[in-house]
Amino acid sequence: MFFLHNLERRVTLHPSYFGRNMHELVTTKLVKDVEGTCAGDYYIIAIMDTFDVSEGRILPGSGLAEFTVGYRAVVWRPFKGEVIDAIVDTVNPHGFFAQAGPLRLFVSSHLMPDEIRYDASATPAQFTNDADIVIEHGTHVRVKIIGLRTEVGEMWAIGSINGDFLGCLQP
Amino acid sequence: MSDQNHAPTSRSKPPPPGEEEAGAVLKLGEFEDVDTLTLSEASLVINALMAKRRKDRKDRNETDVLNKTLAYLDSFSRFKQKENVEAVERLLSAHKELTKFERAHIGSLCCDSADECKTLIPSIADKISDEDLQELLDEMGKLIST
């Protein structure tokens, strides 16, 4: 789910940058440091603007100035139990990997309806129920997030298509 | 010296992780009251931001995450025109009985029937009647542009 979140961060500035345009430099440094990262539970996609740059405080011993910056950012946070759309990436006998924006999802064959089976003989490899449903690289699917795992800088998710209205999407 | 503000000597316990979920009861943790964006709105906002940065000749900072997100939004956002996105936003905000999260979820999934919507978003089951929900989905359906 996309959110417009207000966040805060401490940014340091080297004394060689003191002068005019300090706020702009602080904002640029903030953008370079924070945009595109995964802050634990969520991804910071883009920073919109800074609404509060505090007065700079010189850190004793190093001479760097520290600013506490409040900013607004477009953030993407997937929730357990949320239903999202994704594009299938790779297929293997145990399930398939799908990509939903920056998040990589894995849907195991156990979390698929019984009639959908792995078909190794087809090129490319796919999951199919031998009737109208084909899941292969590039298919759009609707997945329910069952579990999330976060590590420093990255997130992984497990999803399921075993449920009403989940699975292949008509393009 | 004695009137210096000392840093607090104890930190409050951080909220326990792993409790947030969007099941039949919404537990959003720190995102409880934060403004949400449907896929189409997020697409508009991010593209407008990139256009503005291009215009100001600033570095657009195209990270991997940003490019993947833009590609994802291009594929899945249902409402392409700005007017349609705003119209959908007005339709959704009229329903004050739903939380921001639920409204954005409905706007992103664009289900055909009220039954489908209530199955995919269990937390709205009791908050809105089937007729009202179906009416909302039909109105939204008219605004989908291919």
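The values are calculated or read from the model by the stated rules, or taken from the named source; none is laboratory data. Bear in mind that the values here come from a model prediction, so they are computed numbers and not experimental data. Here Cβ is always computed from backbone atoms with ideal geometry, including for glycine, and neighbour counts include all displayed protein chains. These area figures cover heavy atoms from the full protein model, side chains too; ligands, DNA and RNA do not enter into them. Shrake-Rupley method; radii C 1.70, N 1.55, O 1.52, S 1.80 Å.
Here are some notes:
- Cα-based shape type of the stretch B:1-145, given that a ≥ b ≥ c are square roots of the gyration tensor eigenvalues and the cut on a/c is 1.5: oblate
- Residue of A:100, A:131, A:86 that the Gaussian network model of chain A assigns the largest fluctuation, springs spanning Cα pairs under 10 Å: A:131
- Sorted largest first by accessible area at a 1.4 angstrom probe radius, with every protein chain in place, the residues B:41, B:89, B:102 fall in the order B:89, B:41, B:102.
- Rounded accessible area per residue of the stretch A:83-168, 1.4 Å, Å²: 49
- Cysteines (scope the protein assembly as shown) whose Cβ has no counterpart Cys Cβ under 4.7 Å: A:38, A:168, B:110
- Secondary-structure-derived ellipticity at 222 nm for the protein assembly as shown, considering helices only, amounts to -8500 deg cm²/dmol, per-run term -39500 (n - 2.57) for DSSP H runs with n ≥ 4.
- Occluded residues from the stretch A:1-43, i.e. those whose accessible area drops by 40 Å² or more once the chain is not alone (1.4 Å probe): A:1, A:2, A:3, A:4, A:5, A:32, A:35, A:36
- For B:91, B:98, the ranking by accessible surface with the largest value first comes to B:91, B:98, using a 1.4 Å probe.
- With all protein chains kept in place, the per residue accessible area of the stretch A:2-76 amounts to 52 square angstrom at a probe of 1.4 angstrom.
- If the chain linking residue A:109 and residue A:152 were pulled fully straight, counting 0.36 nm for each residue of separation and taking away their Cα-Cα distance, it would gain 12.7 nm.
- 1.4 Å probe, heavy atoms, protein only - residues of the stretch B:99-116 losing at least 40 Å² accessible area vs chain alone: B:101, B:105, B:109, B:116
- Within the stretch A:52-88: backbone nitrogen closer than 13 Å to the residue A:18 label point (7 Å, Cα to C-beta): A:56-66
- Here the protein assembly as shown has 49 percent of its accessible surface on carbon and sulfur atoms, given a 1.4 Å probe and all protein chains in place.
- According to the calculation over all Cα-Cα pairs in the protein assembly as shown, the P(r) per 10 Å bin from zero is 5, 23, 30, 23, 12, 5, 1, 0 %.
- For residue A:139, neighbours were defined as the other residues whose beta-carbon sits under 13 Å from its Cβ, and their charges (Lys and Arg +1, Asp and Glu -1) total -3.
- Angle between chain A longest axis and helix A:22-34 axis [Cα atoms, degrees, rounded to 10]: 30
- Accessible area, probe 1.4 Å, largest first, for residues B:80, A:29: B:80, A:29
- Chain A and chain B together bury an accessible surface of about 3600 square angstrom, both sides counted, with a 1.4 Å probe and no ligands or nucleic acids included.
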